[in-house]
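Here's the structure we're looking at; comments come further down.
Every number in this text was worked out from the coordinates using simple rules, so none of it is lab data. Remember, it's a predicted structure, so these values are computed and weren't measured experimentally. Every residue, glycine as well, gets a Cβ built from its backbone with ideal geometry; the counts of neighbours run over all protein chains shown.
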Amino acid sequence: MKRNRLALLGAVFASLLLSGCGHGTAPITGPGTGNGNQTVATGTGVAINSFGTDQTLLGGMAVADNNVYYSTTTELGIMNTTTQHPGSMSITASAHTVRPFTWPVIPNASLTPTGAVASSAGTVGALATQSNSTSTSIRIMSITSATPVLVLFNIQSASFTELDGTPGDVFEDVAFTNDGNAWVTANTPTPNGLLGYIFTTKAGIPHVLYTNGIGAIGRGADGNLWFTSDSRVNPFSTPKIYRYSPTTGLVINTYLPGAGTLINAFIAGPDKALWFTDTGHNQIGRLTTGGAFTRFNIPTANSGPDGIATGCDGALWFTEANANQIGRVTTTGQFTEYPVTQGTSLGDMAGCVANSLYFSSVHAIGQVVAP
């Protein structure tokens, strides 16, 4: 899933090692940034824990096959052995604290990560740009000399591979299919603005240029990929959702979610339908493979729904970036919202592992523990 926070210096993956985190419900105070932690008792058996860090997280998050969570982050200064936080963050279940350890550093120091992260088949993928760009924003509206890069990290060998895109193009979001291939929504500058195509590691896939700028991408329960047009990429884009075959590289169907739709993330729900966050309408949306839409209004106005994941309880959980809340919605549309008191600008969400979901914010990783 994508997030557009700017990387400041350097490029690293932060990984969070999880092992049976508990259900604590008593509030624990902690600092807003740094290595503090805090638990918010919700009164409903749900606890939200925050694990602070001095690093700046870029918003994207994915859980890998080894039940480790990965996110891209930046170095806030020169890293050395004397710094307090020389590595990524590992969640220690017994102490519920964040401790540093050696993280996998992207070897190319000229890369700037853009935040999107996904994982499958022992590989973590992240999107970046070369540092020769005139802009590090992924929502650019003009031609730049930046080179988009797909960075692949092999967990077993701890090795990196970099795949360059076309200079001047923009990589927006990334997803994996079960065979381990990565699929990136990409946009190229044209006289009609940025128009989209799919960049992939799979050989033999045709290059098809779409008539819209494209954004979020995710894998559906049907094995196909689903991605969306995005007017933030190209203001002339018509809201569409594309159902795309990773076998043929062609669109199977297109669906019209309605004017004003701005989709930030897709997830295959527990009911096999596609669920998404729509910040344009402040809604959680549901789309069947037959093309039937259902919309659910989020109780908090202008909440900024962003990341979404299927919870261990069979509900859909999502972040509310503007409201600094975590939302929960059942497949029948019943909402509950939970405040997050440590961490701001909530981003992606991933899980479920050990009865928990995790989410990112600027200076903290959050944990949702549900009964």
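Summary table
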quantity: Cubic angstrom per residue, convex hull over Cα atoms of the range 188-347; calculated: 124
quantity: Compactness of the range 141-223 as Cα Rg over 2.2 N^0.38 Å, two decimals; calculated: 1.16
quantity: Label-to-label distance, nm, for residues given as Asn108 and Ala203 (7 Å Cα→Cβ offset); calculated: 2.2
quantity: Calculated over the range 285-371: convex hull of Cα atoms, volume per residue (Å³); calculated: 96
quantity: Long-range Cα-Cα pairs in the range 165-266 (distance over 17 Å), rounded percent; calculated: 45
